[in-house]
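Notes to accompany the following structure.
Computed from the coordinates by the stated procedures, all read-outs in this text should not be read as laboratory data. Values in this document were obtained by computation on a predicted structure and should not be read as measured data. Here the Cβ positions follow ideal geometry from the backbone for every residue, glycine too, while neighbour counts run over all protein chains shown.
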Amino acid sequence: MDCQDEIIHISKRIRELRKERRLTVQELAYRCDMERSNLSRIEAGRANLTLRTLCTICNALGVTLREVVR
């Protein structure tokens with residue numbers, strides 16, 4: 001996989017986990033203390049995540065980083 005494929009995989013996994021928890025983009029963004037539009041870009045694979053942001057999202061979803069990148 002190249003870098004863009006990895007970003008898309010992680011983005012899809014975040015969306016999948018959010019939906020499993022029946023959270024809206026707005027609700028997860030609120031839990032992460034970020035703008036809804038930023039989270040939407042992340043889920044669409046159009047944002048380059050920092051590790052800190054990814055950890056914040058994982059904490060808000062109640063999952064480990066490993067569960068997201070698996």
Region 3-69, relative contact order in percent, only Cα pairs under 8 angstrom and at least six apart counted | 39
Rg/Rh over Cα atoms for the chain, Kirkwood Rh, comes to 0.92
L65 versus R22, label points 7 Å from Cα toward the beta carbon: distance in nm?
-> 3.1
Leading residue at positive end of dipole, the chain (Cβ point charges), from I7, A47, Q26 | Q26
